[in-house]
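Heads up: the structure comes next, in structure tokens.
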Amino acid sequence: MDFKQYIRDIPDFPKKGIVFKDITPLLKDEKAFREAIDAFTRYYKDENIDKIVSVEARGYIFAGALAYHLKCGFVPVRKPGKLPAETIAKDYTLEYGKNTVEIHKDSLQSRERVLVFDDLLATGGTVKATCDLVEELGGIIVGCAFLIDLTFLHGKQKLQPHKVFSLIEY
């Protein structure tokens, strides 16, 4: 399936000079959304994944459905102050600012096999910070998955040595 046909460009969002890749047309199309989840399921079905760790918010949509299909757990990573139990945090930079992500301290067991998922890979800062949190908790990262990879921003390099898979590249 040509998933690109379901991605809408929104110029100057969230600020001037950024072209936002809007995934909502893909989400609202039941066939496209199902095929995207099925494609990720086929790719990761033999990886024996224990948990999918995902960054809020759009990554959750795919990660939750994928966790169901792969019969594994789902772990949310959130902005500071949004998780109710004890957390660890990591600061990172975005292509247009700075932020922090947090994960519950008890969300992973040592040596659990983890897939890190986000809807879009840009510069890689958010997912790199998430990978650092997973590894701090003793998780083994089997890969990083994205619906979209903005290859011109070279985020994949920041995630090395982790294997990166995406359904769409720009």
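A Cβ distance below 7 Å, combined with a sequence gap of six or more or placement on separate chains, defines the contacts here; from the range 18-29, residues that are touching a residue at least 40 places away in the same chain (Cβ under 8 Å) and part of a strand (DSSP E or B) reach no residue that is of a type in the set (D, E, K, R) and surrounded by 14 or more Cβ atoms within 10 Å (Cβ to Cβ). Among the conditions (1) surrounded by fewer than 18 Cβ atoms within 10 Å (Cβ to Cβ); (2) touching a residue at least 40 places away in the same chain (Cβ under 8 Å), the only one that residue 107 does not satisfy is (1). As a summary of the residue check, residue 8 satisfies the conditions (1) in contact with a His (Cβ under 9 Å, 6 or more places away or on another chain); (2) over 21 Å from residue 163 (Cα atoms) except for the one numbered (1). Got at least one residue in the range 146-166 being buried (at least 23 other Cβ atoms within 10 Å of the Cβ), in contact with a helix residue (DSSP H, G or I) (Cβ under 7 Å, 6 or more places away or on another chain) and not acidic (Asp, Glu)? Looking through the range 146-166, at least one residue is buried (at least 23 other Cβ atoms within 10 Å of the Cβ), in contact with a helix residue (DSSP H, G or I) (Cβ under 7 Å, 6 or more places away or on another chain) and not acidic (Asp, Glu). Residue 113 meets the conditions (1) touching a Lys or Arg at 6+ places or on another chain (Cβ under 6 Å); (2) more than 20 Å from residue 83 (Cβ to Cβ); (3) of a type in the set (D, E, K, R) in every case but one. The failed one is (1).
For every residue, the table says whether it meets (1) outside any loop (DSSP other than H, G, I, E, B); (2) of a type outside the set (Phe, Trp, Tyr); (3) touching a Ser or Thr at 6+ places or on another chain (Cβ under 9 Å).
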position	(1), (2), (3)
36	yes, yes, no
39	yes, yes, no
48	no, yes, no
67	yes, yes, yes
76	yes, yes, yes
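Scanning the range 140-167 for residues that are touching a Lys or Arg at 6+ places or on another chain (Cβ under 7 Å) and over 19 Å from residue 57 (Cα atoms) yields 140, 142, 143, 158, 159, 164.
Could you list all residues from the range 50-61 that are assigned to a strand (DSSP E or B) and charged (D, E, K, R)?
Of everything in the range 50-61, just one residue is assigned to a strand (DSSP E or B) and charged (D, E, K, R), namely 51.
The residues of the range 149-170 that are within 26 Å of residue 8 (Cβ to Cβ) and among the polar types (S, T, N, Q), listed by number, are 151, 166.
Residues checked against (1) surrounded by 19 or more Cβ atoms within 10 Å (Cβ to Cβ); (2) over 17 Å from the mean Cα position of the chain (by Cα):
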site: 20; (1), (2): no, no
site: 23; (1), (2): yes, no
site: 48; (1), (2): no, yes
site: 51; (1), (2): yes, no
site: 57; (1), (2): no, no
site: 60; (1), (2): yes, no
site: 63; (1), (2): yes, no
site: 68; (1), (2): no, no
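Restricting to the range 113-170, give me the number of residues that are free of Cβ contacts under 8 Å to residues at least 40 places away in the same chain, part of a loop (DSSP other than H, G, I, E, B) and within 25 Å of residue 73 (Cβ to Cβ). Explain how you work it out, then say what you get.
First pass over the range 113-170, keeping only residues free of Cβ contacts under 8 Å to residues at least 40 places away in the same chain: 122-125, 128-129, 131, 135, 138, 140-141, 144, 146, 149, 151-152, 154-161, 163, 169.
Filter again for part of a loop (DSSP other than H, G, I, E, B), leaving 122-124, 138, 154, 159-161, 163.
Next cut, within 25 Å of residue 73 (Cβ to Cβ) only: 124, 138, 159, 161, 163.
Going through the range 113-170 one residue at a time, the tally reaches 5.
No value in this document is a laboratory result; all are computed from the given coordinates. What you see is a predicted model; the values in this text were computed from it and never measured. Please note: Cβ atoms are built from the backbone with ideal geometry, for glycine as well, and neighbour counts cover all protein chains shown.
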